[in-house]
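The values are calculated or read from the model by the stated rules, or taken from the named source; none is laboratory data. These figures come from a predicted structure and were not determined experimentally. Every residue, glycine as well, gets a Cβ built from its backbone with ideal geometry; the counts of neighbours run over all protein chains shown. Heads up: the accessible areas ignore ligands, DNA and RNA and are worked out on the full protein's heavy atoms, side chains in. Shrake-Rupley method; radii C 1.70, N 1.55, O 1.52, S 1.80 Å.
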Amino acid sequence: MDLNFTAEYQDFRAEVRGFLDAHKHEAPKMSNAGLRGKKRLKWQRILLEHGYAARTLPKQYGGFGAAPDALKQRIIAEEFSRAKVPGGLSGQGINMLVPTLLELGTEEQKQAYIAKTLSGEMIWCQGYSEPGAGSDLAALRTSAVVDGDDFVINGQKIWTSTANQADMIFCLVRTEPDAPKHHGISYLLFSMDTPGIEVRPLMTMTGRAEFNEVFFTDVRVPTSQIVGERGEGWMVANATLTHERGMLGDPDAALSRLQSIAEIMQNEHVDGKSLMDNAVYRDRLVALEAEVYAMKFNGMRLTTATSAKKSAGMAGMIVKLQGCELNHRLAELAIDVMGEYGILFEDSPFLRDDGMWQTLYMFDLGLIIGGGSAQIQKNIISERGLGMPREPKVNKA
Amino acid sequence: MYFGLSEDQTMLQDSVGRFLETASELELVRGFAEGDAALASNLQHGLMELGVPLVLVPEEYGGLGMGVLEAALIQEAMGRHVAPTSFTAAYAMAVIGLREAGSEQQKSDWLGQIAGGQTLMGVGVTEAIGGREGAGLTLDGDKLSGRASFVLGADLATHFMLTTGAELVIVARDATGLSETALTTIDKTRNVLNLDLDGVACEVLHGDGKTGVARMIDVGRVLLAADSLGAANMMLEKAVDYSKDREQFNRPIGSFQAVKHMCAEMAAKLEPCRSLVWYAAYAQDHVDDEAALVSCLAKSHLAEVGKYIARTSTEVHGGMGFTDLLGLHYWFKRIGANRQLLGGPEAVREEAAKLQGWA
Ligand SMILES: Cc1cc2nc3c(=O)[nH]c(=O)nc-3n(C[C@H](O)[C@H](O)[C@H](O)COP(=O)(O)OP(=O)(O)OC[C@H]3O[C@@H](n4cnc5c(N)ncnc54)[C@H](O)[C@@H]3O)c2cc1C
């Protein structure tokens with residue numbers, strides 16, 4: 001255990017701070033809203049140029065080409081969070097597709113997609129879930145049949161986030177209907193402008209259309225648009241899912257939520273008394289603080305393991321489950337301490353923090369369900385982490 | 001930055017663990033709980049041979065001069081094996097008290113004797129956290145009077161380190177005017193007692209007793225958290241093992257999702273606790289401005305997670321978990337006692353709030 005940073009890392013931290021001092025004024029607001037906002041795209045360009053986005057990705061694909069260094073990555077995240085400046089763009093294209101292409105894409109695919117995705121020019125959506133295939137993703141039925149040089153795709157996707165804004169989709173389809181379910185799937189990339197695609201936004205409980213239904217009718221996609229081999233899509237998708245889980249449950253987010261709630265409790269008054277004077281709320285705050293610290297140190301342990309190229313085992317496996325749950329409970333406390341004001345929403349007078357806490361409280365529930373539900377996480381932790389016996393298979397007669 | 005254990009630290013913990021696996025096996029613990037006092041002195045003897053009790057004693061007084069992290073790793077192994085030892089009180093809290101508030105002469109006298117094995121100190125600081133039943137001590141010249149309750153580490157103690165709040169004092173166990181009342185608690189793996197003092201001769205530590213007591217409590221809490229971490233980890237492992245063996249409805253109960261999810265939840269809550277305890281222990285020596293806060297957070301959080309695991313693991317074991325036969329209850333009760341000692345979770349969280357100017 002040695003939490004001191006060597007001179008190299010202290011210098012690096014100073015460098016990041018210097019960058020932030022010089023460029024902070026160019027940064028957009030913290031929220032990730034407005035995927036195509038001019039300010040966001042410009043900020044992304046600045047970050048890419050200085051190595052604060054896509055830091056370790058190869059130069060030839062638009063990255064910065066630095067050697068992987070989990071500690072530097074950590075320092076960047078800490079300093080950006082401290083300065084309350086948003087980091088590089090994130091989203092399913094950057095976080096899931098790009099790593100997958102780097103690992104399994106052809107040279108043409110890397111050339112065509114990675115740089116444009118990193119710059120924020122090309123937005124992707126993830127076409128996995130279907131009405132009949134959620135947790136049991138491998139049950140998906142959208143079909144792709146080869147006709148000449150094309151796949152012809154028919155079927156439906158659902159819960160597809162950002163499909164209404166996306167340029168492209170990475171999509172799982174069934175190409176081998178007679179193969180066992182995990183072996184009949186392929187992973188395709190295609191434009192959302194391809195004829196035969198219809199996107200219908202789905203309003204969510206937050207009042208926004210955060211995801212969509214996507215319908216495919218005789219959509220023709222060249223066979224060269226496959227990642228990996230035919231029938232290997234399940235393996236390709238699993239590579240991506242690992243990346244998705246890595247981006248959920250971030251301990252920095254929990255820490256900054258905790259700080260905001262402490263501020264609310266100090267500043268809000270009921271009958272002239274600060275909410276921090278209420279022992280019950282205060283106890284809940286400190287109980288959550290202990291959990292936030294535990295997750296923060298768990299994150300540091302993961303950073304060290306990643307630096308040493310070691311698996312962190314259980315410490316990594318629990319992050320999505322615990323992290324999302326913790327964030328959700330933080331939002332819950334923020335709402336509770338605000339009393340009646342906690343239910344104000346949208347553009348109401350007296351709205352606190354732009355109504356962010358109710359939105360977070362709802363959206364977090366979406367994150368608990370999406371990307372492998374809490375229950376599926378527990379299946380994974382118990383079966384793969386603790387070595388408990390698998391569920392016996394049920395064969396439908 | 002390196003957040004993890006060094007090879008030496010892992011080896012230290014493993015060697016204590018290996019020793020305790022046989023030296024503190026369940027049948028021996030059961031014997032101790034039923035009144036056979038020999039185990040405590042056998043363990044004490046064996047641990048002294050390994051040299052581990054002296055981790056926190058500085059080298060110049062004959063100790064190993066290591067840190068609170070090493071002490072926490074040792075205590076975790078003790079919790080894992082519900083070992084009847086006085087380590088937290090005698091070798092961590094008392095040593096820290098002397099280091100913080102002893103004069104040079106007092107340090108060399110007492111730490112030397114602790115290292116030599118002639119002296120072992122029980123510790124009574126409960127009233128510095130919160131006094132009940134009118135307990136508390138007052139000093140008149142060098143005579144100490146009043147009551148110290150829930151004194152820890154008393155089994156083999158030759159002396160006690162007690163506090164008036166402002167001072168730290170040492171009294172000999174056989175001093176005139178000192179009487180002991182044994183307390184019976186749920187946890188039979190460690191004994192606690194009350195001391196009543198009537199003008200007992202004592203030695204007052206010359207340094208800042210108030211800071212000394214505060215540091216003792218910080219370190220004591222970290223070690224109780226480490227003890228619960230070890231005990232809870234063992235309870236999780238026992239639940240998982242049992243669920244693979246025990247069959248109902250022609251299948252191992254561990255293949256039922258309800259059982260799997262209980263175990264997954266235990267693991268998910270427990271794993272981050274390990275990093276919290278490591279950091280809290282490390283901070284005691286290296287991060288002054290956070291030491292007290294993270295000690296409170298570790299103590300209160302392990303109290304909650306420990307309690308959750310104690311009950312859930314027991315449930316996974318079905319009726320067997322509820323029996324004396326299996327002995328799971330020794331872990332259950334150890335965790336239950338750790339939760340209340342040196343401040344229950346609400347009290348400790350209130351201290352954490354005060355430390356941050358929130359209360
Ligand atoms: C905000 C949000 C964004 C999303 N974005 C996308 C996207 O961009 N692209 C995409 O493809 N998908 C997306 N999804 C879909 C998401 O991946 C699925 O919702 C998720 O996998 C669960 O599937 P389901 O909704 O069909 O629920 P179901 O699988 O029907 O689950 C319903 C309930 O049953 C439980 N359950 C199911 N199977 C088991 C089991 N084996 N053991 C125990 N419990 C079980 C679940 O935990 C859940 O509680 C998104 C979802 C949300 C909420």
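Annotation note: Cβ proximity below 7 Å between a residue of the range A:350-370 that is within 14 Å of another protein chain (Cβ to nearest Cβ) and at negative phi and a residue that is more than 8 Å from the ligand (Cβ to nearest atom) and not hydroxyl-bearing (Ser, Thr, Tyr) (sequence gap 6+ or interchain) occurs for A:Ile368/A:Cys324; A:Ile368/A:Glu325; A:Ile368/A:His328.
Scanning the range A:197-238 for residues that are open to solvent by less than 50 Å² (accessible area, probe 1.4 Å), in contact with a Gly (Cβ under 8 Å, 6 or more places away or on another chain) and in a helix (DSSP H, G or I) turns up just one, A:Val236. Would you be able to say whether some residue in the range A:215-232 is within 16 Å of the ligand (Cβ to nearest atom) and of a type outside the set (A, V, I, L, M, F, W, C)? Scanning the range A:215-232, I find no residue that is within 16 Å of the ligand (Cβ to nearest atom) and of a type outside the set (A, V, I, L, M, F, W, C), so the answer is no.
The residue pairs whose first member lies in the range A:118-136 and is under 17 Å from A:Phe190 (Cα atoms) and of a type outside the set (Gly, Ala, Ser), whose second member is open to solvent by less than 10 Å² (accessible area, probe 1.4 Å) and near the ligand (Cβ under 6 Å from one of its atoms), and whose beta carbons are closer than 9 Å, counting only pairs six or more residues apart or on different chains, are A:Cys125/A:Thr160; A:Gln126/A:Thr160; A:Tyr128/A:Thr160. Candidates B:Ala201, B:Ala154: the one that is under 29 Å from B:Gly336 (Cβ atoms), touching a strand residue (DSSP E or B) at 6+ places or on another chain (Cβ under 7 Å) and of a type in the set (Gly, Ala, Ser) is B:Ala154. Being touching a His at 6+ places or on another chain (Cβ under 9 Å), open to solvent by less than 20 Å² (accessible area, probe 1.4 Å) and closer than 23 Å to B:Ala154 by Cβ holds for only one residue in B:Leu39, B:Leu20, B:Leu47, B:Leu43, and it is B:Leu20.
Counting only strands (runs of 3 or more DSSP E) that sit wholly inside the range A:123-168, those with at least 2 residues that are open to solvent by 40 Å² or more (accessible area, probe 1.4 Å) and away from the ligand (no atom under 12 Å from the Cβ) are A:143-147.
Might you let me know whether the range B:301-314 holds any residue that is in a helix (DSSP H, G or I), of a type outside the set (A, V, I, L, M, F, W, C) and within 11 Å of chain A (Cβ to nearest Cβ)? Yes, the range B:301-314 contains at least one residue that is in a helix (DSSP H, G or I), of a type outside the set (A, V, I, L, M, F, W, C) and within 11 Å of chain A (Cβ to nearest Cβ). Yes or no: B:Leu156 over 23 Å from B:Ser103 (Cα atoms) and modelled with pLDDT under 95? The answer is yes for B:Leu156.
Under the condition of being more than 9 Å from chain A (Cβ to nearest Cβ) and not basic (Lys, Arg), which residue from the range B:240-252 is surrounded by the fewest Cβ atoms within 10 Å (Cβ to Cβ)? Across the range B:240-252, the extreme among qualifying residues is B:Asn250.
Just give me the residues in the range A:169-181 being more than 24 Å from the chain's Cα centre (by Cα) and either within 15 Å of the ligand (Cβ to nearest atom) or aliphatic (A, V, I, L, M) (or both), in sequence order. Scanning the range A:169-181 gives A:Arg174, A:Ala179, A:Lys181.
Select from the range B:265-281 the residues that are farther than 15 Å from B:Val316 by Cβ and more than 7 Å from every other protein chain (Cβ to nearest Cβ) and write down the one among them that is most open to solvent (accessible area, probe 1.4 Å). By that ranking, first place goes to B:Arg274. When the test is whether a residue is open to solvent by less than 70 Å² (accessible area, probe 1.4 Å), in contact with a Phe, Trp or Tyr (Cβ under 6 Å, 6 or more places away or on another chain) and within 16 Å of the ligand (Cβ to nearest atom), A:Gln358 passes it. Considering only the range A:369-386, I want to know if a residue exists there that is more than 12 Å from the ligand (Cβ to nearest atom) and open to solvent by 40 Å² or more (accessible area, probe 1.4 Å). Within the range A:369-386 (the criterion being more than 12 Å from the ligand (Cβ to nearest atom) and open to solvent by 40 Å² or more (accessible area, probe 1.4 Å)), the answer is yes, since at least one residue qualifies. Being in contact (Cβ under 8 Å) with a residue 12 or more places away in the chain and either farther than 27 Å from B:Ala303 by Cβ or within 16 Å of the ligand (Cβ to nearest atom) (or both): is that true of A:Leu302 here? In short, no. Please tell me if A:Leu189 is near the ligand (Cβ under 9 Å from one of its atoms) and within 18 Å of A:Val145 (Cα to Cα). Against the criterion (near the ligand (Cβ under 9 Å from one of its atoms) and within 18 Å of A:Val145 (Cα to Cα)), A:Leu189 does not qualify.
Counting residues in the range A:307-320 that are at pLDDT below 95, within 16 Å of the ligand (Cβ to nearest atom) and basic (Lys, Arg) gives one or more. Within the range A:112-122, the set of residues being closer than 18 Å to A:Ala237 by Cβ and either within 10 Å of the ligand (Cβ to nearest atom) or open to solvent by 20 Å² or more (accessible area, probe 1.4 Å) (or both) comprises A:Tyr113 only. Exactly one residue out of A:Glu325, A:Glu268 is open to solvent by 30 Å² or more (accessible area, probe 1.4 Å) and within 30 Å of A:Pro68 (Cα to Cα), and it is A:Glu325. Taking the criterion of being out of contact with any strand residue (DSSP E or B) (no Cβ under 8 Å at 6 or more places or on another chain) and assigned to a helix (DSSP H, G or I), would at least one residue in the range B:172-183 satisfy it? No.
Among the residues of this structure, A:Leu330 does not count as one that is more than 23 Å from the chain's Cα centre (by Cα), crowded, with 18+ Cβ neighbours inside 10 Å and more than 30 Å from B:Met234 (Cβ to Cβ). A:Val394: open to solvent by 30 Å² or more (accessible area, probe 1.4 Å) and either within 16 Å of the ligand (Cβ to nearest atom) or within 14 Å of chain B (Cβ to nearest Cβ) (or both), yes or no? So A:Val394 passes the test. With respect to the conditions (1) surrounded by fewer than 22 Cβ atoms within 10 Å (Cβ to Cβ); (2) closer than 30 Å to B:Ala148 by Cα; (3) among the small types (Gly, Ala, Ser); (4) more than 9 Å from every other protein chain (Cβ to nearest Cβ), B:Ala353 lacks only one, and its number is (4). Listed by position, the helices (runs of 4 or more DSSP H) enclosed by the range A:1-97 that each have at least 2 residues that are over 28 Å from A:Ala239 (Cα atoms) and within 14 Å of chain B (Cβ to nearest Cβ) are A:7-23. Scanning the range A:1-20 for residues that are among the aliphatic types (A, V, I, L, M) and farther than 30 Å from B:Ala71 by Cβ gives A:Ala7, A:Ala14, A:Val16, A:Leu20.
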